[in-house]
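S.K.: Handing you a structure now.
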Amino acid sequence: MGPYVAGDTLDICGGTLLAGNYTSKDPIELYDLTSGDQLDYITWDQEDDKEGGMIMTSQFGFPKTETIVAGSTKSHEVKIFSRETCKEVTTVTGFSGPVVALDMDHLGQNMVIGSKMGGAVLLSHTSGSE
């Protein structure tokens with residue numbers, strides 16, 4: 001049937017299409033652009049009794065070949081997933097409302113996250129100096 005796309009949830013990296021879905025079951029899907037075949041999917045919560053997702057924003061992270069970033073309107077959080085394992089790497093929580101927008105700079109050092117109830121938050125990553 002294909003993805004139920006809502007918001008800014010589509011991204012392309014090489015020959016792979018990322019589609020975030022406004023569903024709680026398997027809300028992130030990866031497709032081959034040439035064949036249209038589904039390559040993989042990502043479950044929001046690894047616990048069977050929890051439902052999350054309801055994705056309104058997703059994209060390949062940095063570097064694009066290694067991570068996927070997505071925001072949930074249901075659990076009010078952002079998760080970063082490994083492309084290789086399709087498992088969660090980290091979670092950003094504490095938003096007072098649904099996460100509806102996110103973007104990263106081209107170096108992967110800054111991420112802006114927009115929440116429906118709490119405006120925008122800037123997260124910055126800086127390397128330690130030696």
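Bear in mind that the values in this text are calculations on the coordinates, not laboratory data. Quick caveat, the model's predicted, so the values are computed rather than measured. When we count neighbours, we look across all protein chains shown, and the Cβ atoms used for this are built from the backbone with ideal geometry, even at glycine.
S.K.: Check the straight Cα-Cα distances from Lys64 and name the lysines below 27 Å, setting aside those fewer than 8 residues away within the same chain.
M.R.: Lys25, Lys74, Lys79, Lys87, Lys116
S.K.: Given 4 °C and 1.567 mPa s, compute D for the stretch 4-130 with the Stokes-Einstein relation, Rh being the Kirkwood radius over Cα pairs; round to the nearest whole µm²/s. Provide the component values of the computation, followed by the final result.
M.R.: Values: Rh = 14.6 Å.
Diffusion coefficient, whole number: 89 µm²/s.
S.K.: Hey, how many Å between the Cα centroid of the stretch 67-85 and the Cα centroid of the stretch 18-46?
M.R.: 12 Å
S.K.: With charges only on Cβ, +1 for K and R and -1 for D and E, what is the dipole size of the chain about its Cα centre, in debye, rounded to 20?
M.R.: Working: 8 positive and 19 negative charges, 76 e Å.
In total the dipole reaches around 360 debye.
S.K.: I want the local charge near Thr9. Using Cβ-Cβ distances under 13 Å, sum +1 for each Lys or Arg and -1 for each Asp or Glu among the other residues. List each step's numbers first, then the result.
M.R.: Values: positive: none; negative: Asp8, Asp11, Glu29, Asp103.
Summing Lys and Arg as +1 and Asp and Glu as -1 gives -4.
S.K.: Given labels modelled 7 Å from the Cα in the Cβ direction, how far is it in nm from Thr90 to Tyr4?
M.R.: In this crude label model, Thr90 to Tyr4 measures out at 3.1 nm.
S.K.: So how do 4-11, 52-59 stack up, highest first, on mean other-Cβ count within 10 Å?
M.R.: Values: 4-11: 16.2, 52-59: 23.6.
Ranked from most to least packed, the peptides come out as 52-59, 4-11.
S.K.: Take every DSSP beta bridge with both residues inside the chain and express the antiparallel ones as a percent of the total, to the nearest 5. Write out the running numbers ahead of the final one.
M.R.: On the way: 38 of 39 bridges.
The answer is about 95 percent antiparallel.
S.K.: Which loop GluC sites (Glu not before Pro) in the stretch 68-109, with loop taken from DSSP, have no more than 13 other Cβ atoms within 10 angstrom of their Cβ? If you can, show how the numbers build up before the last one.
M.R.: Working: sites: Glu77, Glu84, Glu88; in loops: Glu77, Glu84.
Filter output for the stretch 68-109: Glu84.
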